[in-house]
Every structure is written in C-alpha cells, then in structure tokens.
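For reference, the structure is listed below as structure tokens.
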Amino acid sequence: MLVVAAAFALISFSSAMNQQIERVYADAQIYHSVASQFFESRVPIHAQIPGGSRIATPWLAAQLRPAVSRALPVLDQRVEDESGLLGITPFLLINVAASGAATILLLLYLRRFIDSPLLRVTLVIAWAMMWHSPVRWVYFNPANIDALSMVSLLAGLLIIEAWRDRSPLVASLLLAPIVFVGVLIKETIVLVPITFGIAQVMAVARDRRLDRLVAVAIPVVAAALAVLFIRSILAPAPGHQKWIEWDYILANKPFWTWVLGWFFTFGPPVIALIVAGWRDVWGVLWRRPDLAGYLAACAVLGYFAGTGSDTERLLALATPIVYVLAGRAIAPRQAALARMPMVVGLLLLVQAASSRILWPIPVGVDTPTRVSDIGLNWSALAALADKFLIIDNYYSNLWSYFGSRPVHAATLAFDLALTLVIVRWVQRGTQREAAVAQ
C-alpha cells in the first residue's frame, strides 16, 4: 500500500506541475453552476439534467469554498485564472482527495482476486497513470464528479465482495447509505445494486434463502429515496439532455469506434493481455455472473448512454472488473512473461504512450494541420505524429467519438495488430514455459 500511495503522490505531483487547467466547459459548467447556487443558498437548484441532478460534489464544493478562499488564496487565484471562474478550487481539492481514496480502494478490491502483490500494485499504477483517470484528469478539468463516483462504486463493490458468503441483509444495510449518497454523486451507482441483485438471485437458486430477495430491495429503495430527494430540491432547466438518444447514436456512432474506446480507456497492452488469457477471463466471468453483469452493463452504457459521445468515460466505470480480469489473465503467465523482456518492454512502451504519462493533456481549441499540407520535413512529420500521440494539439483525437476518423481507424488497426502479435508471443512463451516445467 505504501508503494501505491507513493506512486499516487508522484503522479499527482507531476500532473499538478505540468498540466494546465482547461477553461470550464460542458458538464463542468453545470456542476459549477449548481455549486454556485448552493453557495448562495438558492434552492430549488435550477440546472439542466442529468448533470444538474449530480448534486453531492457541487454541494461539498460550496461548503468548502469560504475556507479554501481564506486558507489557500494563492492556489485559489491560480485556479481561477486558468479555469476562468471563481469557486473551482474546492472541486480540485475534493477530487485530489477522492482520487487518492479511489486508488487505495482499487488496490483493496484487487487484493480479493489477485494473489501477487507486485501484480496488484502494477495494475493500480497502470490505472492511475492513464490520462483520463481521476488521478490526472482533475488537473485538466477540476470541476468534475468522476473521482467521488469511482469511490462510491469501489466501496459498493468491496462490500458485495466482503459479504458475499455472509448475511445478505447485513450487506444490503451496509450498501444502502453508499447507494443513497452514490445517487447524489452520479446515477451510475445503480451498477452496484444491479451487481448485488445478480449475486443474490444466483445465490437463491443454490440455497433457496428468500431473505436474499428482501436484501436486494433495500439498496433499490435507498436509490429511489435519493432520487426523490434530488427532485425535491432541483428544478430542471429547459434544454436537458435525453438519457439515451437511440436514433442519433445508431446513425452517427460506428460500432468500431466503441471497440476503439476499450483500447483508449485501458490501453492496448491491458486489452491484449486479457485476450491472451481469454480462457482464464472466461472462467472468472462464468463463475461470477455478477461481475459479468457489471461489465456488460458498462459496455452497453459505453455505446448507448447520452448522445454516445462519452464512450471512454462510461467504459471507465468497468475499471475494477477489467483490472481483475487483467490480473487473472496475467497471473498464470507471469513466469513466461519474465522470460520475455522484449515483449514486456514493448508492452510498457505502448502503455506509457497510451496513458500519455510523459506529457500533459493539450488545452485550447485544436489547430489541425491537414494531411494534404504535410510535407517531407521533420516539423511536418512531428505534426503527423501529434495526430496520434496528442502531445501539443488534437485534443479531440483523444476520444473515439470525436476527432479524425481516418486517424482513429489507423489507431484501431495498430491496436488490433498489436493485440494479435502479443497474444501469439504470450501463447508461445507459455507453451515453452510449460514444456520446460515438464
């Protein structure tokens, strides 16, 4: 745990030093507006939904705002100058603390599935390094709710796991406050009662304990009460976004961009290693339909939720399960990978590039260079590489739904080819290791 805490501190400090804060935009504007209304004691809150219904983080930011202004005036001024708005610093502090908590909770969750401490630590650090993880994202977009959302999800999943073979009623009573607060943070906490429900229904089929069905209802009631509370203090503003725009998504979101979203979210090496260990992965999902249900729900949300544009942010909800699967895929192959330094080096290099750990997220409006304008010189080649690596420009290319479709198609082709190569190399290495063992 000390290694993970040190890695979190290093990644967080590096991001704070190197990352410029983007001007407040999109959902962040809604969260800031809600926080400002809480700060001014204006109730009911007027805001567009669904963003306006996520009241917990803005409320907490409003409560901290006076103390932050008094205690940290220099930081407050710097954040205001970069973000363009007052009252953003409390969001920053909340999300830094919450991202640290999420890092520790992820480590604790992986401990229940993965025996190797080194592997657990490596996976947690790989997650924290990703440019869109709460650990780094907060320094680009402080006014977000993702860190606290991940904390609530991980806390719920940990309770489900810890009480899996114990009293379902006690587990549900422990889940109820987490689900209630989680709904106030973000509606995606419903993944926790869904997972708990699947686990209990499958258990009923084995032991015929009907109290499990009562237990399933308790977190659902907690979620319903949270929704009623939100409605009591929220007056939805006109122009709210639909939860799902089926026709628009099916007409404008190619399926292959959703596939690319998995690589963008977790990194090609993580996906490649999961595919290489597909039998072990399938074994986990077959034995644990609750985890399979959680993963499937995240996959569906990643394609269909909202206007379809938040693919990576929604797929990131699957982080706990994806890293469990990655760990279970890697564990039986650790000895083989230890004898393949070139393969491990390639995986580390690609993961570092995918996470963009060596450079910050670019800010400002894209100023793209057309491919037809690119000549045969070093500056032109650097501009072309920037379309893929996104170092100085092309922020929209970070997201599978936006940006350049040709660039994304080429990226997906590379990711798929890399996956096939890694799978083949790992299979050969595993076979050689098995032959030596015999």
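All of the numbers you see were taken from the coordinates with simple rules; none came from a lab. These numbers come from a predicted model, not from an experiment. Neighbour counts are summed over all protein chains in view; Cβ atoms, including those assigned to glycine, are modelled from backbone coordinates with ideal geometry.
A few points about this structure:
- Each of THR57, THR430 was scored by other Cβ atoms within 10 Å of its Cβ. Arranged with the fewest first, they read THR430, THR57.
- Neighbourhood net charge (14 Å Cβ-Cβ; Lys/Arg +1, Asp/Glu -1) for ALA128: +2
- Hydrodynamic estimate: the Kirkwood radius of the stretch 2-235 over Cα pairs, inserted into Stokes-Einstein at 25 °C and 0.890 mPa s, corresponds to D of 130 µm²/s.
- Here the stretch 1-116 is treated as a sphere whose radius is the Kirkwood value from Cα pairs; by Stokes-Einstein at 20 °C and 1.002 mPa s it diffuses with a coefficient of 135 µm²/s.
- Alpha-carbon geometry of the stretch 74-201: the Rg and the Dmax are 16.7, 54 Å, given in that order.
- Other-chain or far-sequence residues with amide H under 5 Å of HIS46's (modelled H): ALA235
- The residue among LEU381, VAL220, LEU64 whose Cα reaches farthest toward the positive pole of the charge dipole of the chain, with charges on the beta-carbon of Lys, Arg, Asp and Glu, is VAL220.
- All-pairs Cα distance distribution in the stretch 199-314, expressed in whole percent, bin size 5 Å: 2, 9, 11, 14, 16, 14, 15, 12, 6, 2, 0
- In plain terms, the residue of THR411, THR311 with the fewest other Cβ atoms within 10 Å comes first and the most crowded comes last, giving THR411, THR311.
- For the chain, the calculated P(r), taken from all Cα-Cα distances in 10 Å bins from zero up to the bin holding the longest distance, is 4, 19, 30, 27, 14, 4, 1, 0 percent.
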